[in-house]
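The values are calculated or read from the model by the stated rules, or taken from the named source; none is laboratory data. Worth saying up front: this structure is predicted, and the values here are computed from it rather than measured. Virtual Cβ from ideal backbone geometry, glycine too; neighbours counted across all protein chains shown. Accessible surface areas use protein heavy atoms only, side chains included; no ligands, DNA or RNA. Shrake-Rupley method; radii C 1.70, N 1.55, O 1.52, S 1.80 Å.
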Amino acid sequence: MKRWNGWGRTDYSYHFAESSKTFVEKIVGAGQQVPDASLETVLKKVPRSRLPENPSCTTDAEIRLRHARGQSFPDWVAMRYGTVNLFPDAVALPTSQEEIEALLSLAKQGHFNLIPYGGGTSVVGHINIEDADTPTLSVDLGNYNQLIHLDAISNTATFGAGVRGPDMEDALKTHGFRFGHYPQSHEFSTLGGWIASRSVGTQCYYYGRIEQLFLGGRLHTPQGTLEMPPFSASAAGPDLRQFVLGSEGRMGILSQATVRISPLPEFEHFYGVFYPDWESGFAALREMVQARLDVSMLRLLDRFETETTLQLSGKEKLVSLADKGLRILGMGEERCMMLFAITGTAAGAHATLRQMQHIARKHHGFVEKSMIGKMWFDSRFTTPYLRNNLWESGFALDTLESVFPWSKVAAVKDEVEAALFNGLQDENERLIVFSHLSHMYTDGASLYVTYLFRRTADADQTLERWKKLKKAASEVIVRNHGTISHQHGVGIDHRPYLPIEKGALGMEGMRNFYSTFDPTGIMNPGKLYTDGKQ
Ligand SMILES: Cc1cc2nc3c(=O)[nH]c(=O)nc-3n(C[C@H](O)[C@H](O)[C@H](O)COP(=O)(O)OP(=O)(O)OC[C@H]3O[C@@H](n4cnc5c(N)ncnc54)[C@H](O)[C@@H]3O)c2cc1C
């Protein structure tokens, strides 16, 4: 079962070794363990529904609570401290397109808002209620999760938009295919959510970003149904699919989507590389990317993330062995880890590995073929569970991300990190801050920053700490002309920064476009931009 107030399933917990806790405490100080609000206490806050009874909807308090918030930092504070105060009035779990259309028509007539709900893994407040005065229906696509059609000749598949990552891969695997979109939230996030928030998977070099995978589908809007045929490519004017990608529920409800799929790969392996310092790793990384080497995943961790990853892996013996070996190779405190994967044919993989090794060695890198890559692969979807352990030990953690040209990314990284390091100086609080370059392009690299600080017994004070840090880092990002999000989307948390990126005319164009499909503003109000009602 899914946790109601944290990340993941209730039957799994990350092994958080005592040594890992000591590592964190040494840097930021001892954490204050504050008990969570109980489910019973929070359930008592769920008010009577303002919506009329409907056979397609439930008003069960626990289901409404579970659809109230996602996984952003403010969401965690609200759910863990029990300060959540807005709940959908009802939750619908439609099983057919007719049901979705009936709900849209009711919402139009009855003047209530609709929030499409995929897996609820948003980290920027995508599914939160912004308009408290109008009743809200959360439309959970969870039952709309079937493989509808597979074209094994064209390598495409059509799925219900509520299908979750693992179910999608299981369905394709039986036919010898893979989708290959692996965000770290894979376990719970859905196809519709990925499209609506422009998500990016870890192996996007081989499989493509979601915008390269999304071919077409059916979007139910308050003004009617938009059919998007699955053209491989089209020169017939602007591509409407681009407006659906990143629409964050404002344009309508995507009930099904056709996507590109790939045959199961003949070969796949994950590798680690250690470099003596950041500069060597960075130079190697850029050379690999600009040489367009055929890897499926590539990332470079800075020295603090390298150290923290090893310390928090929960594998003390292996890590101490690796440490000794690396020191013999001359890789000390400054060492940085690169991770890469090769996916495809065995013959192609062999050639790519040779090229990768050549560049890595040229920059004094040591390629490790058996342990580090496997460790990362095995824990790629379980690492997020560590946030639960940290929280329960008194530590708050969040991440932020953007993308910058190669010529700027290293300098901006330093600036963002400094803003975070110094962000709580007035309270004498120290932070752990580290980064990796997570997705690369020939012209630039996406910067992914993680920061950890101590929370307090008070929800507002903890939230204030986060707000200070988030604002300081976001201002550095936009001042340096970075996008406010490379992969997490806009939602509420990034909304103040979107006009800086799009400009006033761009924002007006976006509003006008979406209002053609939703003239009365009932679709997920407040996301991307504010509405008159808020
Ligand atoms: C631990 C963790 C790791 C993460 N890792 C990554 C990562 O590696 N890469 C990445 O890109 N993101 C990542 N995310 C962010 C998040 O998982 C993505 O934004 C994801 O795409 C959200 O999908 P979802 O199905 O959970 O959507 P939800 O959170 O339910 O909704 C997100 C938005 O999409 C809209 N929406 C959902 N379904 C539909 C639909 N059928 N029709 C219309 N609109 C819809 C919602 O209204 C909302 O605006 C991570 C989040 C967590 C918590």
With a 1.4 Å probe and every protein chain left in place, tell me how much accessible area Cys57 has, in Å² to the nearest 10.
40 Å²
Placed amide H near Gly82: partners under 5 Å, 5+ positions off or other chain:
Ala37
Is the C-alpha gyration tensor of segment 363-471 telling us rounded, prolate or oblate? Criteria: a/c under 1.5 is rounded; beyond that, a/b larger than b/c is prolate, otherwise oblate.
oblate
Label point at Thr95 placed 7 Å out along Cα→Cβ; residues across segment 32-70 whose backbone nitrogen lies under 13 Å
56-57
Choose one of Ser72, Thr83, Thr59: the residue whose Cα lies farthest towards the positive end of the charge dipole of segment 37-141 (beta-carbon charges +1 Lys, Arg; -1 Asp, Glu; about the Cα centre).
Thr83
Estimated FRET transfer efficiency (Ala102, Thr516; beta-carbon r; R0 30 Å; 0.05)
0.85
Rg/Rg_ref, segment 267-380, where Rg_ref = 2.2 N^0.38 Å and atoms are Cα:
1.01
Could you provide, to the nearest whole Å², the per residue accessible area of segment 43-142 with probe 1.4 Å?
39 Å²
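Give the range of the longest stretch in the chain that excludes all GluC sites (Glu not before Pro) found in loop regions by DSSP and having at most 10 other beta-carbon atoms within 10 Å. Numbers along the way, then the final one.
Numbers: sites that count: Glu53, Glu333.
Formally, the longest exposed-site-free interval is 54-332.
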Paramagnetic reach from Asn422 in segment 452-477 [backbone N under 13 Å; point 7 Å along Cα→Cβ]:
472-473, 476
Go ahead and collect, in residue order, the members of segment 201-228 whose backbone nitrogen is under 12 Å from a label point 7 Å along the Cα-Cβ direction of Ser154.
215-217
Could you report segment 232-310's accessible area per residue, 1.4 Å probe, as an integer in Å²?
38 Å²
What is the spin-label model distance, in nm, from Thr530 to Ser320 if the labels are put 7 Å beyond Cα along the C-beta direction?
5.6 nm
Honestly segment 8-164 on the Cα gyration tensor test (a ≥ b ≥ c root eigenvalues; a/c under 1.5 rounded, otherwise a/b vs b/c for prolate or oblate) is just oblate
With a point put 7 Å past each Cα toward its Cβ, work out how far Lys374 is from Glu227 in nm, to one decimal.
5.1 nm
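What does the charge dipole of the chain about its Cα centre add up to, to the nearest 20 debye, if the Cβ of each Lys and Arg holds +1 and the Cβ of each Asp and Glu holds -1?
Computed about the Cα centre, the dipole is about 600 debye.
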As a test of reading the structure, rank His220, His149 by solvent-accessible area (1.4 Å probe, protein chains only), most first.
His149, His220
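Relative to the Cα centre, what is the charge dipole magnitude of segment 64-142, using +1 at the beta carbon of each Lys and Arg, -1 at the beta carbon of each Asp and Glu, and rounding to the nearest 20 debye?
My answer is approximately 320 debye.
Starting from the residue with the highest accessible area, list Thr22, Thr382 in decreasing order, probe 1.4 Å.
Correct descending sequence by accessible area is Thr22, Thr382.
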What are the trypsin sites (Lys or Arg not before Pro) within segment 328-375 that DSSP puts in a loop, where the Cβ has at most 15 other Cβ atoms within 10 Å?
Lys369
Going from most exposed to least, what order do Tyr441, Tyr451 have by accessible area with a 1.4 Å probe?
Tyr441, Tyr451
If I ignore ligands, DNA and RNA and count only protein heavy atoms, how much of Lys467 is accessible to a 1.4 Å probe, in Å² to the nearest 10?
100 Å²
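Step through the table entries Lys471/Lys502; Lys21/Lys471; Lys315/Lys413, compare each Cα-Cα distance with 21 Å, and write down the pairs that go over it.
Listed pairs above 21 Å: Lys21/Lys471; Lys315/Lys413.
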Which length gain, in nm to one decimal place, applies between Ile328 and Ser234 when the Cα-Cα distance is subtracted from 0.36 nm times their residue separation?
28.2 nm
Nonlocal amide H pairs with Gly216, under 5 Å, H built at 1.01 Å
Thr258
Separation in nanometres of the label points that stand 7 Å from Cα toward Cβ, at Lys45 and Arg292:
5.3 nm
Run the numbers for Ser13 and Ala457: contour at 0.36 nm per residue of separation, minus the present Cα-Cα distance, in nm.
157.5 nm
Given charges at Cβ of Lys, Arg, Asp, Glu: the chain dipole, positive-most of Ser105, Thr345, Phe453:
Thr345
Tally up the carbon and sulfur contribution to the accessible surface of the chain as a whole percent, 1.4 Å probe, everything protein left in place.
54 percent
